[in-house]
Amino acid sequence: MISGDPARDICQIALVERHRKTGDVVNAFVSGFGYKGDCAVASTVAHDSHHMIVVGTSKADMALAANRLGAVGGGICVFKDGQEQALIPLPVAGLMSDRPAEEVAGLTDKMITAMAVCGNTLNNSYMQHSLLALVVIPELRISDLGLVDVSKFELTDLVID
């Protein structure tokens, strides 16, 4: 069994298919976010298909984050050490809020702070999260069909012998 390695900035990523209710989950790895300790960030804003994406260092926190978004009908959340740090509910198709802009802006500030508490130092890192499933941007992207080598326009295995 292989797993992420937070000491080397390698997190697990899971894409949960959410439109056809298949329950399918695709797993892979991602690096560059700098997450430390047990944490996870989940979102139903994942261009272009908007399946749920969960990135984390802890499978337990990843499960908590995914289940939380399922319970609120979609959005963005951050968990650290088993505790919710931030939540932006997006009840309109998991993509839009029905709350006033000022309220959503305040929740967004909390999300950015929570990602920083998890170790993230990237500028506009949430946008980078949301693009992990955009299968037209090279090199590797995750989709409900599997891991996509965008440069070759084909699915690829996570592990190559």
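For the reader, a short list of remarks on this structure follows.
- The chain: most fluctuating residue of Gly106, Gly56, Gly146 per GNM, C-alpha cutoff 10 Å: Gly106
- Estimated [θ] at 222 nm from DSSP helical runs (n ≥ 4, -39500 (n - 2.57)) normalised by residues in the chain, nearest 500: -7000 deg cm²/dmol
- As a ratio to 2.2 N^0.38 Å, the alpha-carbon radius of gyration for the range 1-151 is 0.96.
- Helix 101-117 axis, angle to the chain major axis (alpha carbon atoms, nearest 10°): 50
- In summary, the lysines within cross-link reach of Lys110, defined as a Cα separation below 20 angstrom excluding same-chain residues under 8 places away, comprise Lys36, Lys80.
- The angle separating the long axis of helix 59-72 from the principal Cα axis of greatest extent in the chain is about 50 degrees.
Each reported figure results from applying straightforward, stated rules to the coordinates on display, with no laboratory input. Note that the structure is a prediction, hence the values are computed from the model and not measured.
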